[in-house]
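Coordinate-derived values only; no laboratory data. What you see is a predicted model; the values in this text were computed from it and never measured. Ideal geometry is used to build each Cβ from the backbone, glycine not excepted, and the neighbour counts take in all protein chains shown.
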Amino acid sequence: MKITFHGAARTVTGSKHLLQLETGENVLLDCGLFQGMGEETLGLNSHFGFNPHEVDYVFLSHAHIDHSGLLPKLYKEGFRGQVYCTTATKELCEIMLPDSAHIQEQDVAYVNKRKRRHGKKEIEALYDLHDTVEVLKQFYPVPYDREVSVSDNLKLLFTDNGHILGSAGVTVKYFEDSRWKTLFFTGDIGRYGTPLLKDPHSFAQADYIICESTYGNRQHESVEAAGQTIMNAVIDTVAKKKGKLIIPAFSLGRTQEVVFTLNKLDLHGLIPDVRIYIDSPLSVSATEIMRNNIGLLDAEVKRFIESRPDPFGFDDIHYIRDVRDSKRLNDLAPPFIIISASGMAEAGRVKHHIRNNIGDPKNTILIVGYAEPRSLAGRLRNGATEVKIFGEEHQVKAEVRVVDGMSAHADYIEMLKYLGCQDADKVKKFFLVHGEEESMLPWKSRLESKGFKSVYIPHLHESFEL
């Protein structure tokens, strides 16, 4: 088998790893959108580095757009195979991929309006709703922990890895050299002891491992500390400054975790009564899917609903779908809270909310997780005093706060715990993806200290023989 890394190679988005078997079958692990990489982003998303016609199967680890968001483009350029994923991932992609197409169309229209004014060449969306609808017909849902024979020489197994609803570690078994061999792709590894999701599950011994590296150099603050930080941000912004608290949050996972945290704080009287607006059609739909999959969530959620039936709703919460209601928030008198996508603030309604509120020191922008350093949320997180939004410079006068304990990604201690099920001597090659070099290099050293040999950090489009 040959493996080539066509995305998330020394960066955290664009997950795409192509497996080429000696039988001639080609498997793509994930097909994600590059996000938040400035002027490079469009070029990276425009060219796969391989021929979509030649891909037979996609094994999708989870529904986040940086792992699934180029599937419609893959279809547009000729892919006609099946997309294997968990049942919950299919449900979520059914709302997330059309939303991605819609956001692209909106953002392209907004950018092109400015380009026309300045006589510049207009750009095109990567794909449209038709491509999205068609690729969703090719999804094939598979339950956790059930091995599937994809072909005579290829087997697949998904195990819950605790990152988001439906997320999975992907075990690929393939027959070569007269024996079965095993490659394991971690996907994005979740955390242990989070309030919403179950802990990551162990996986069978692998010959080869592809592992994420997002926080290979960092240890998170506790989940309890994250709740305290959110509580303080609410009290300081809403009760003291009488301002607006803007929270960029991914529609799936992070939004529900923030809402659940606010719900618990409100139940115990730890925050003042304040209007909270979830301003994202996708977040509304994703929350409904979470409600319908309570059985996949952690026991803490099941205990909570004994006190309040809806873990994602209470009197102060208002969910917004219509864009006109979103625009009305601009004229609404503070204090209030807006939770809106995207988490990196590179697209969607939150980008407009930040633009409209970044110049007022009474307001707070709360970054609740990782953001690619070149993204808007990443630049704010890293202390930028001036940022460009929709091509215009804005002074950062609003307060910026950061919550690290709410990350959906494991830190290096949790990742080592996840990999504890492996005999390091039996792993022939170990590949690091989905991370910046500053996190990958220390993560590589830690893995080597635990006995893993032949640990590689691939470059974009680099290939290896297994």
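Sum up the lysine pairs in segment 62-192 that clear both bars: alpha-carbon distance under 30 Å and a spacing of 8 or more or different chains.
Taking the Cα cut-off of 30 Å, the pair count is 26.
If I stretch the segment between Ser222 and His53 completely, what's the gain in nm (0.36 nm per residue apart, minus their alpha carbon distance), one decimal?
Stretched fully, the Ser222-His53 segment lengthens by 56.3 nm.
So how much slack lies between Asn232 and Asn292, counting 0.36 nm per residue of separation and subtracting their Cα-Cα distance, in nm?
18.5 nm
Listing Ser280, Ser445 from the residue with the fewest other Cβ atoms within 10 Å to the one with the most, what is the order?
Ser445, Ser280
Can you list residues whose amide H is under 5 Å from Val433's amide H, if they're 5+ apart or on another chain and H is modeled 1.01 Å from N?
HN-HN under 5 Å from Val433: Cys211, Glu212, Ser213.
Mean separation of Cα pairs under 8 Å and 6+ residues apart, divided by the residue count of the chain: what relative contact order is that in percent?
20
For segment 223-402, list log₁₀ I(q)/I(0) at each q in 0.11, 0.12, 0.18 Å⁻¹, using the Debye formula over Cα point scatterers of equal strength and ignoring solvent, two decimals each.
For the requested q values the scattering log ratios are -0.44, -0.52, -1.20.
Helix 254-267 sits at what angle to the longest principal axis of the chain, using alpha carbons and giving 0 to 90 degrees rounded to 10?
50
How compact is segment 1-132 by the rule of thumb for globular proteins, expressed as Cα Rg over 2.2 N^0.38 Å?
1.09
Any idea what % of Cα-Cα pairs in the chain are farther than 38 Å?
21
Round to the nearest 10 and give me the degree value, 0 to 90, for the angle of helix 223-234's Cα axis relative to the longest principal axis of the chain.
So the inclination is approximately 30 degrees.
Rounded to the nearest 0.05, what FRET efficiency do Glu462 and His118 give with R0 = 35 Å and r taken as the Cβ-Cβ distance? Could you check?
0.35
Before anything else, pin down the relative contact order of segment 223-402: Cα pairs under 8 Å, at least 6 apart, normalised by residue count, whole percent.
Value for segment 223-402: 30 percent.
Please report how far the C-alpha centroid of segment 89-146 lies from that of segment 1-58, rounded to the nearest whole angstrom.
Spelled out, the Cα-based centre of one part sits 17 Å from the other.
Express the Stokes-Einstein translational diffusion coefficient of segment 291-337 in µm² s⁻¹, to the nearest whole number, given a Kirkwood radius over alpha-carbon pairs, 37 °C and a viscosity of 0.692 mPa s.
Calculated translational D: 248 µm²/s.
Could you tell me the distance between the Cα centroids of segment 170-216 and segment 328-365, to the nearest Å?
Distance between centres, Cα-based: 37 Å.
Using modelled backbone amide H atoms (1.01 Å from N, in-plane), which distant-in-sequence or interchain residues come within less than 5 Å of Glu462's amide H?
Phe5
When all C-alpha to C-alpha distances in segment 317-442 are sorted into bins of 10 Å, what percent of pairs does each bin hold, rounded to whole numbers?
10, 35, 27, 15, 9, 3, 0
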